[in-house]
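Encoded as structure tokens, the structure appears first; notes follow it.
The values are calculated or read from the model by the stated rules, or taken from the named source; none is laboratory data. Bear in mind the structure is a predicted one, so any value in this text is a computation, not a measurement. Don't worry about glycine lacking a Cβ; one is built from the backbone with ideal geometry, like all the others, and counts go over all protein chains shown.
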Amino acid sequence: MFLLIAHFEPGEPAGADPPAGSAEAVRLLGEQPATRSLRWARSTEEPVRWVLVAEFDTAADFRRAQSPFPVRAALIPWLAGAASSAAFEVVAVADGTVWSAPEVIVDDPGR
């Protein structure tokens, strides 16, 4: 299981709209069959801070969700404007009362 996490801090005044391009990038990524789930959230303490968390079953799904040209055309420039963004391999999960440790397939972080 893999996560894409991106933090946005556009530095605009409190109550500002989300970063430019957000609606299209979030919608397109969320509509991809390979995207298991997606959350786009605003901080309750600092309304100019936003975070994207997208979940994928496999590394291939992570890449597949971003491969259609319209997704790449909207997502890549938008992520470039993020304060930070990275892919993460999930090593532990708690869903309700069920705890699990998915098989780790990326043995060497950074490759």
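At least 2 residues that are loosely packed, with under 12 Cβ neighbours inside 10 Å, without any contact (Cβ under 8 Å) to a residue 60 or more places away in the chain and not charged (D, E, K, R) in each: list the strands (runs of 3 or more DSSP E) lying fully within region 35-103 that qualify.
Strands (runs of 3 or more DSSP E) meeting the threshold: 37-42, 98-100.
What's the number of the condition GLY30 fails, among (1) surrounded by 13 or more Cβ atoms within 10 Å (Cβ to Cβ); (2) modelled with pLDDT under 90?
That leaves (2) as the condition not met.
Listed here are the residues, each with its yes/no results for (1) farther than 15 Å from VAL26 by Cβ; (2) polar (S, T, N, Q); (3) at pLDDT 95 or above.
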| position | (1), (2), (3) |
| --- | --- |
| ARG39 | no, no, yes |
| GLU45 | yes, no, no |
| ALA74 | no, no, yes |
| SER84 | yes, yes, no |
| VAL90 | yes, no, no |
| THR97 | yes, yes, no |
| ARG111 | yes, no, no |
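From the list VAL48, VAL91, VAL104, exactly one residue is under 19 Å from PHE8 (Cβ atoms) and aliphatic (A, V, I, L, M). Which is it? It would help to see each step written out before you state the result.
Details: VAL91 fails: under 19 Å from PHE8 (Cβ atoms); VAL104 fails: under 19 Å from PHE8 (Cβ atoms).
From the options VAL48, VAL91, VAL104, the qualifying one is VAL48.
Which members of region 34-65 meet the condition of being farther than 17 Å from TRP78 by Cβ and either charged (D, E, K, R) or in contact with a helix residue (DSSP H, G or I) (Cβ under 8 Å, 6 or more places away or on another chain) (or both)? Full working, then the answer.
As a first pass, look at region 34-65 and keep what is farther than 17 Å from TRP78 by Cβ: 34, 36-37, 43-47, 55-61, 63-64.
Within region 34-65, ALA34, ARG36, GLU45, GLU46, GLU55, PHE56, ASP57, ASP61, ARG63, ARG64 meet the criteria.
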